[in-house]
1. If I filter the range 410-423 for residues that are without any contact (Cβ under 8 Å) to a residue 24 or more places away in the chain and buried (at least 23 other Cβ atoms within 10 Å of the Cβ), do I get at least one hit?
2. Looking at THR273, is it among the β-branched types (Val, Ile, Thr) and under 27 Å from ALA133 (Cα atoms)?
3. Test ARG117 against the stated conditions and say whether it is surrounded by fewer than 20 Cβ atoms within 10 Å (Cβ to Cβ), more than 29 Å from TYR294 (Cα to Cα) and not aromatic (Phe, Trp, Tyr).
4. Go through (1) modelled with pLDDT under 85; (2) part of a loop (DSSP other than H, G, I, E, B) and name the single condition HIS218 misses.
5. May I ask you to list the residues in the range 170-188 that are in contact with a Gly (Cβ under 6 Å, 6 or more places away or on another chain) and either surrounded by 24 or more Cβ atoms within 10 Å (Cβ to Cβ) or small (Gly, Ala, Ser) (or both)?
6. Out of the residues in the range 410-465 that are part of a helix (DSSP H, G or I) and of a type in the set (Gly, Ala, Ser), state the one that is nearest to ILE378 (Cα to Cα).
7. Return yes or no: is TRP217 on the phi < 0 side of the Ramachandran plot, in contact (Cβ under 8 Å) with a residue 60 or more places away in the chain and under 16 Å from the mean Cα position of the chain (by Cα)?
8. Which one of LEU112, LEU103, LEU125 is surrounded by 24 or more Cβ atoms within 10 Å (Cβ to Cβ) and either in a helix (DSSP H, G or I) or assigned by TED's automatic domain parsing to the domain that holds ASN253 (or both)?
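The values are calculated or read from the model by the stated rules, or taken from the named source; none is laboratory data. Predicted model, so just to flag it, every value in this text is computed and none were measured. When we count neighbours, we look across all protein chains shown, and the Cβ atoms used for this are built from the backbone with ideal geometry, even at glycine.
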Amino acid sequence: MIQLTGIDIFLIIVYFLSVIYVGFRAIKKTNTSTDDFLLAGRSLTLPIFVMTLVSTWYGGILGVGEFSYKYGISNWFVQGLPYYFFAAIFAFFLAKKIRESNLFTIPDKLHLTYDKRTAIFGAILTFILMTPAPYVLMLSVFLQLLFKWNIFISLLVTATVAVSYLYWGGFRSDIYTDILEFFLMFIGFAIIIPFCVINYGGFEFLEKNLPTLHLTWHGGNSFQFILVWFFIALWTLVDPAFYQRCYAAKDPNTAQKGILISIVFWFIFDAMTAFAGLYSRAIITDLENPVMAYPMLAENVLPPIAKGLFYIGMLATIMSTLNTLALVSAQTLGRDLVSRSKNFISEKDSVIWTKIGLILSFIFSVFIALIIPSVIKIWYTIGTIVIPGLLIPLIAGYFKNLRIDAKYAFFCMSFSFLVALFWLIGSFLFLGPNRYFLNIEPMLPGLLTSVVIWFIGRFNYVRKL
């Protein structure tokens, strides 16, 4: 049970008011052009690029706590190291190319490289991939825990705070609030670690009180389980938030350097969240719901004010990602689907449809959150079915030596998505939860299908040259 003092509640209210103030302040500098509303005029400097990208990538803080509590330092090997690896690949091989293209979205690139139907199907996959459902769920659950609200009130507050300034300020409001939340997320976790060490001890305490497997790289998980999460880290290479930041960067060098510097900050933040998860497991051995690992740790070790600041750090971590995903989902619906299906519309109408998409995105997210009430399961399900469809056609579009015809790009995207989807659904219907045909995770046949179709397409493409 979470217990907040008056000063803690006051600090959290001040945080929400500050986010709303900062978000609305950005509206004064935002105009209705597509370039400004969606990409803040392509003006991100290196410090702003880093702060916004770092904060945007860490919304699933309750899920991180859940994974750390259950599997220990395996969390870093599964949800840290693979992402650094693919982020570095993104920086060295894609970041500059993306910025130099001067496009707006992933479907723009698919349309330019292939054709309209590939772009529209890619937009559908992008919308699914970027649904803010996990973060709507996390923030709503967190507000329930903090203030004892029912789910309706929690969702209403979540939507009001997040949608209001994004609706009017677009990407610039997202950027301004992300900068604030960058500092708050680091402050929150920097506070709790010293209290844990002072009250309970350092590594010797952890070694003595943790299950043995919690200090192993695999955490007791199977190789295939870890391999699938490694493949899910391929998400980085198709993450529209990465593309959005690169499109919005001041120049190509800013995009590349910004990602490489961000990896350092992600490592630091991962180290803090990993230690917090280990302390939670060592101190609270019988936690019924591991998603509560961080909140329950705070209840055990933090005094007033420090506790309020820690919860603000968690809220900021969730909100920063929620904002970005909501905006990307909105522009995917408004600009990439509606505009493209109408053979493109005016800049003014494109912005209007993006605003409509913002509202529809939140409705869709609430629906998904109610169907799959687990953050990790939402991540896993979305990553499993979408990544096989987007990965190879999108990456191939940036390199001449990987290029394929539009027909094969569409088949590659659609068939690999459907194979992964039906493998997942069929396994559930015929074998039950968490069991799969031939004991093979659904993403793997999806990726194999994508590779095979790409190979055939590449063979035919080269033969025609």
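1. Quick first cut of the range 410-423, residues without any contact (Cβ under 8 Å) to a residue 24 or more places away in the chain only: 418, 422-423.
If we keep only those that are buried (at least 23 other Cβ atoms within 10 Å of the Cβ) too, we end up with 423.
So far as the range 410-423 goes, yes, one or more of its residues are without any contact (Cβ under 8 Å) to a residue 24 or more places away in the chain and buried (at least 23 other Cβ atoms within 10 Å of the Cβ).
2. Working: among the β-branched types (Val, Ile, Thr): yes; under 27 Å from ALA133 (Cα atoms): yes.
Yes: the conditions hold for THR273.
3. Working: surrounded by fewer than 20 Cβ atoms within 10 Å (Cβ to Cβ): yes; more than 29 Å from TYR294 (Cα to Cα): yes; not aromatic (Phe, Trp, Tyr): yes.
For ARG117, the condition - surrounded by fewer than 20 Cβ atoms within 10 Å (Cβ to Cβ), more than 29 Å from TYR294 (Cα to Cα) and not aromatic (Phe, Trp, Tyr) - is met.
4. (1)
5. SER173, THR177, MET185, GLY188
6. Going residue by residue through the range 410-465, those that are part of a helix (DSSP H, G or I) are 410-431, 437-439, 443-464.
Add one more test, that the residue is of a type in the set (Gly, Ala, Ser), and what stays is 414, 416, 420, 426-427, 446, 450, 457.
Details: SER414: 21, SER416: 19, ALA420: 15, GLY426: 18, SER427: 17, GLY446: 18, SER450: 22, GLY457: 32 Å.
Restricting to residues being part of a helix (DSSP H, G or I) and of a type in the set (Gly, Ala, Ser), the top hit is ALA420.
7. Values: on the phi < 0 side of the Ramachandran plot: yes; in contact (Cβ under 8 Å) with a residue 60 or more places away in the chain: yes; under 16 Å from the mean Cα position of the chain (by Cα): no.
Against the criterion (on the phi < 0 side of the Ramachandran plot, in contact (Cβ under 8 Å) with a residue 60 or more places away in the chain and under 16 Å from the mean Cα position of the chain (by Cα)), TRP217 does not qualify.
8. Checking each option against the conditions leaves just LEU125.
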